[in-house]
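The values are calculated or read from the model by the stated rules, or taken from the named source; none is laboratory data. A quick note: this is a predicted structure, and the numbers were derived from the prediction, not measured. Here the Cβ is made from the backbone with ideal geometry for all residues, glycine too, and neighbour counts use every protein chain on show.
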Amino acid sequence: MANIRSQIKRNRQTEVRRRRNRATRSELRTRIQNAVEAGDGTNETTAAMQKLDRAAARRVIHRNTAARRKSRLQKRLNQLTQ
């Protein structure tokens, strides 16, 4: 346990960010799963894409990771419609 006041504060901030990022990542997985189950052309797809963009903008995930996941999601949805 840290004894320095600034480090104690830093630990608190890190824990808050960790919990927020973890919740965001969990929601991303849920949204993507819902989009795949619902199929293409639904609001679930749009919501999943928006959540990926938002997570990348907030640097929860890297922007290339968001782009890759969006691409893979769209590819899966396109295969479902064929």
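Checking each residue in segment 62-76 for being touching a residue at least 40 places away in the same chain (Cβ under 8 Å) and over 15 Å from LYS51 (Cβ atoms) picks out only ARG76.
Can you pull out every residue in segment 42-54 that is under 15 Å from ARG72 (Cβ atoms) and of a type in the set (A, V, I, L, M, F, W, C)? If the condition is that a residue be under 15 Å from ARG72 (Cβ atoms) and of a type in the set (A, V, I, L, M, F, W, C), then ALA48, MET49, LEU52 are the ones that fit. Restricting segment 15-41 to residues that are of a type in the set (Asp, Glu) and either in contact with a His (Cβ under 7 Å, 6 or more places away or on another chain) or assigned to a helix (DSSP H, G or I) (or both), the residue that is nearest to LYS75 (Cα to Cα) is GLU37. Checked against the criterion of being in contact with a helix residue (DSSP H, G or I) (Cβ under 7 Å, 6 or more places away or on another chain) and either part of a helix (DSSP H, G or I) or modelled with pLDDT of 95 or more (or both), segment 5-14 has no qualifying residue.
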